[in-house]
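**Q** Have a look at the structure that comes next, please.
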Amino acid sequence: MTENKATVWEVFIQSKNGLAHKHFGNVHAEDKEMALQNARDLYTRRNEGSCIWVVKSENIVSSVPEDETSFFDPSNDKVYRHPTFYKMPDGAKHI
Amino acid sequence: MSEVLFQEKIDKEQKIEPKDWMPEGYRKHLIRQISQHAHSEIIGMQPEGNWISRAPSLRAKMILLAKVQDEAGHGLYLYSACETLGISREELNQQLHIGKAKYSSIFNYPTLTWADMGAIGWLVDGAAIVNQVSLQKTSYGPYSRGMVKICKEESFHQRQGYEIIAEMAKGTKEQKEMAQDALNRFWWPSIMMFGPHDSDSPRTGNAMKWKIKRKTNDELRQDFINKTVGQAELIGLTIPDPDLKWNEEKSSYDFGEINWEEFWSVVEGNGPCNEQRLNHHIKAHKDGAWVREAAKAYSKKQKN
């Protein structure tokens, strides 16, 4: 088979005004307009969205699962980032 | 990551994602299962597409169009999940065309009357739902998320089928006969959809251990039969199995022997429509080549 492969685009959909866009899946398309239309046809047949983003898969940079422990390690020893770390005087309200 | 760590993750009900380490057997099993599932959605458009131009009313026609479009969508969700395992859409299509990849054998049966649209929605989609609901909890993340989407849409399919067959069952004598005839032809192939008995299904062990499958073929088949018998009774149709009877002790239905010879013969390509289904897919793919080429040429032109 000598066919050229189409580009893969990742699809992010905002389900309702005010919410964040969420990853839904991907589509194959040759250009951005076609990617948007394909995403609309495939992922929003039942009013699932108010806005769609499409991004070429090759442009997405991901962390590596094997490095999860070391990559996210620095956040674990900084307990003072969490509000529960602090001692509040007895009777303090609205804080 | 070793196989031990991988299994620990599975046992803790954690999902496996595309970039995670996985045993080669796990990857292979998934590609085979997901692609077979995807091909079934796409090939499954043909027996129903057969009736779009002859639907008995505008309402029925619009519904059938929407349903067939959904099937295309489901196929695409699944191809998309399968591609995350490192196989391309082109390879998947090619494996289907050379007969290396299979699709559900139910679609190798012809749709002879309008009642068959009812039987397919009610029984075939009904059987698929039982399977898909359990697959929502499969261990592979992209497959699981695809299943969640599909299940949301699938119950419309089953209800539209049951509505058709229920309408016909309370219609004229001829219509009722047509409904019963569709049930007679689609019942056994539908319960064959779950595949061979667990004792004859060599891959079940790994699939369960890896939590790709969450229930075995026989468990799913029994679930489906238990759900469906009452639906047939309600609309006055008879399931064509003289051995079907309620078993109080195991509180589920006993049923007759499945004709596995027929099952394997259809899987191996000797069903009434195998050749027609595959040839049509190949033709549609070839006929569409110029559209793909034109789209590519247009996108190149835009860049220059």
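**Q** Expressed in nm to one decimal, what extension gain is obtained for the pair B:GLU248 and B:LEU112 from 0.36 nm per residue of sequence separation less their Cα-Cα distance?
**A** Full extension of this stretch gives 45.2 nm more.
**Q** Further, regarding this structure: Would you mind ranking B:MET178, B:MET208 by Cβ crowding within 10 Å, fewest neighbours first? Write out the running numbers ahead of the final one.
**A** Values: B:MET178 21, B:MET208 14.
Listing B:MET178, B:MET208 from fewest to most nearby Cβ atoms yields B:MET208, B:MET178.
**Q** Let me ask something additional. Got a sec? Which residues in region B:73-112 would a label at A:ASP41 touch, if it sits 7 Å along Cα→Cβ and we count backbone N under 14 Å?
**A** Residues B:73-77 qualify, since their backbone N sits under 14 Å from the label point.
**Q** Another question, then. If you count, for every residue in A:24-37, the Cβ atoms of partner chains within 10 Å of its Cβ, what is the mean? Could you put the intermediate results ahead of the total?
**A** On the way: counts 4, 9, 8, 2, 6, 2, 10, 8, 2, 3, 3, 0, 0, 0.
Per residue, the number of nearby Cβ atoms from other chains is 4 on average.
**Q** Could you put B:CYS82, B:CYS151 in order, starting from the residue whose Cβ has the fewest other Cβ atoms within 10 Å? Could you put the intermediate results ahead of the total?
**A** Details: B:CYS82 27, B:CYS151 15.
In order of increasing Cβ crowding within 10 Å: B:CYS151, B:CYS82.
**Q** Report, for the protein assembly as shown, the % of DSSP beta bridges that are antiparallel, rounded to 5. Write down the numbers at each step before the final one.
**A** Details: 16 of 17 bridges.
Around 95 percent of the beta bridges assigned by DSSP in the protein assembly as shown are antiparallel ones.
**Q** Give a residue-ordered list of calculated ³J(HN,Hα) values for region B:268-279 (Karplus: 6.51 cos²θ - 1.76 cosθ + 1.60, θ = phi - 60°; whole Hz; x for Gly, Pro).
**A** Computed from phi, the couplings for region B:268-279 are 7, x, 9, x, x, 10, 3, 5, 4, 4, 5, 4 Hz.
**Q** If you build a Gaussian network model of chain B, linking Cα atoms that sit under 10 Å apart, which residue out of B:PRO110, B:PRO23, B:PRO196 swings the most?
**A** Between B:PRO110, B:PRO23, B:PRO196, it is B:PRO23 that shows the largest mean-square fluctuation.
**Q** With a point put 7 Å past each Cα toward its Cβ, work out how far B:HIS197 is from B:LEU5 in nm, to one decimal.
**A** That separation, rounded to one decimal, is 4.2 nm.
**Q** Of all the stretches in chain B, which is the longest one without any exposed loop site, taking GluC sites (Glu not before Pro) in a DSSP loop (any state but H, G, I, E, B) with at most 15 other Cβ atoms within 10 Å? Kindly include the intermediate steps, with their values, before the conclusion.
**A** On the way: sites that count: B:GLU13, B:GLU248, B:GLU249, B:GLU257.
Value returned for the longest uninterrupted segment is B:14-247.
**Q** From the residues B:MET178, B:SER139, B:ALA81, which one has its Cα farthest along the dipole of the protein assembly as shown in the positive direction, the dipole being from +1 and -1 charges on Cβ of Lys/Arg and Asp/Glu about the Cα centre?
**A** Farthest towards the positive end: B:ALA81.
**Q** Further, regarding this structure: Given a Förster distance of 35 Å, report the FRET efficiency between A:HIS23 and B:ASP181 from their Cβ-Cβ distance, rounded to the nearest 0.05. Could you put the intermediate results ahead of the total?
**A** Values: r = 46 Å, r/R0 = 1.32.
Efficiency at R0 = 35 Å is approximately 0.15.
**Q** Now for a separate question. Got a sec to turn the phi values of region B:56-69 into Karplus ³J(HN,Hα) couplings, 6.51 cos²θ - 1.76 cosθ + 1.60 with θ = phi - 60°, whole Hz, x for Gly and Pro?
**A** Couplings: x, 8, 5, 4, 4, 5, 4, 5, 5, 4, 5, 5, 5, 5 Hz.
**Q** Still on this structure, please answer the following. Please arrange B:TRP122, B:TRP188, B:TRP210, B:TRP260 by counting, for each residue, the other beta carbons lying within 10 Å of its beta carbon, fewest first. Walk me through the numbers on the way to the answer.
**A** Working: B:TRP122 29, B:TRP188 16, B:TRP210 21, B:TRP260 12.
Going from sparsest to densest Cβ surroundings: B:TRP260, B:TRP188, B:TRP210, B:TRP122.
**Q** Quick one: putting +1 on the C-beta of Lys and Arg, -1 on the C-beta of Asp and Glu, what dipole do you get for chain B around its Cα centre, in Debye to the nearest 20? Don't jump to the answer; show the numbers that get you there.
**A** Working: 41 positive and 41 negative charges, 331 e Å.
In debye, rounded to 20, chain B gives about 1580.
**Q** Assuming R0 = 51 Å, can you tell me the calculated FRET efficiency for the pair B:ARG159 and B:ASN206, based on Cβ-Cβ distance, to the nearest 0.05?
**A** 0.90
**Q** Taking R0 as 35 Å, what FRET efficiency do you get between B:GLU174 and B:SER88 from their Cβ-Cβ distance, rounded to the nearest 0.05? Walk me through the intermediate numbers first.
**A** On the way: r = 50 Å, r/R0 = 1.42.
In this case the efficiency is close to 0.10.
No lab work stands behind these numbers, since they all come straight from the coordinates. Just so you know, these numbers come straight off a predicted model, no measurement behind them. A quick note on method: Cβ atoms are made from the backbone with ideal geometry, for glycine too, and the neighbour counts reach across all protein chains shown.
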